[in-house]
Amino acid sequence: MRDPGLPSLDQLRVFIAVIDHGGFAHAARALHRTQSVISYTIANLEEQLNIALLDRGKRKVTLTEAGKALLADARAVSAKVDGMRARAKALGAGLEAEVCLVVDVMFPMCRLVTLLESFQREYPTVALRLHTEALGGVAQMVLDGRCQLGISGMPVHLPDNVERQLAGHVTMMPVCAPGHPLAAIEGVVPTAALREHLQLVVTDRSPLTSGQDFGVLGLRDWRLADLHSKHALLRGGLGWGSMPEAMIAEDLANGRLVRLRLQDGDALQYPLFAIHRSDDQLGPAGRWLKEQILALDYTLPHGAY
């Protein structure tokens, strides 16, 4: 038995049309060809593949078992080619092939999902790379050119070639587990008491804030690489620390975490900035993404993060 030949894209699309339109005659009308041309194309495809794709013994043309398997392949090939053509058209019009976005760990995940769902609908041909970093890590990736666009948190000193616009705020709240010693203090917790207990802090992996601490009061602290680890350790009673309010709303409601009243206030407005390099202009997709970031409503219902 000889090896299958190489079918053409046109043959595959005619094959798909015959199935989707319910027969040779309907496919001929949809493709603006004669029925004989459609029949001849399918026959040639079967000859190329050395296998019967259609069962012509019934009143209505149906797929053979082999045809059922190969129809999925035909659709996949056709879709890939359509995607390639759409991307080529977009690139020819100046659209980016890819956008790299880096976001601060405090950025609300539910807002990020909504944002990227809209991005996918608006720019289906543009690939997206997503990173999460803490503090200066966001700005560092933008500075290094590894990401075109960032959603940065606490302001750090940036060179003149980085544009920064305030996008919104996230409310941060100091908390601990109900079994933690600080939870037993009624009213305002003295700063001296906070200093006596282990503070859990998300660390910055960039050199931009080297030697700087933001909101660190404890004489002992653990530096953690991600926010979810901090959340788990707080619920486990291993220390105290601040978390995005929306992320811990359910924990506060069911008593897994307790809100701490501090002398300097029991909530902090953590700013979020849209940043990018002015000497590396954003393309259409990047500009659209930045505009959506600036237009987001950062006020979240409790339990949404």
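Laid out as a table, the results:
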| item | result |
| --- | --- |
| Residue within segment 67-74 that is over 30 Å from Ile293 (Cβ atoms) and part of a strand (DSSP E or B) present | no |
| Within segment 142-154, considering residues that are touching a Cys at 6+ places or on another chain (Cβ under 9 Å) and open to solvent by 10 Å² or more (accessible area, probe 1.4 Å), the one farthest from Arg223 (Cα to Cα) | Gln148 |
| Some residue of segment 116-130 being outside any helix (DSSP H, G or I), open to solvent by less than 10 Å² (accessible area, probe 1.4 Å), modelled with pLDDT under 90 and closer than 24 Å to Leu294 by Cα | no |
| Which numbered condition Gly255 fails, given (1) at pLDDT 90 or above; (2) surrounded by fewer than 16 Cβ atoms within 10 Å (Cβ to Cβ); (3) within 30 Å of Asp144 (Cα to Cα) | (3) |
| Residue among Val37, Val77 that is of a type outside the set (S, T, N, Q) and in contact with a Leu (Cβ under 8 Å, 6 or more places away or on another chain) | Val77 |
| Close pairs (9 angstrom Cβ cut-off, 6 or more residues apart or separate chains): free of Cβ contacts under 8 Å to residues at least 40 places away in the same chain in segment 175-201, charged (D, E, K, R) and surrounded by fewer than 12 Cβ atoms within 10 Å (Cβ to Cβ) anywhere | Arg195/Arg220; Glu196/Arg220 |
| Segment 155-176, residues that are open to solvent by less than 40 Å² (accessible area, probe 1.4 Å), assigned to a strand (DSSP E or B) and more than 23 Å from Glu245 (Cα to Cα) | Val162 |
| Single residue of Leu300, Leu296, Leu260, Leu224 found to be modelled with pLDDT of 90 or more, surrounded by 17 or more Cβ atoms within 10 Å (Cβ to Cβ) and not basic (Lys, Arg) | Leu260 |
| Single residue of Val156, Val99 found to be modelled with pLDDT of 90 or more and not acidic (Asp, Glu) | Val99 |
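The values are calculated or read from the model by the stated rules, or taken from the named source; none is laboratory data. Just so it is clear, the model here is predicted, and its values are computed rather than measured. Positions of Cβ are backbone-derived with ideal geometry, glycine not excepted, and every protein chain shown enters the neighbour counts. Remember, those area values only see protein heavy atoms, side chains included, never the ligands or the DNA or RNA. Shrake-Rupley method; radii C 1.70, N 1.55, O 1.52, S 1.80 Å.
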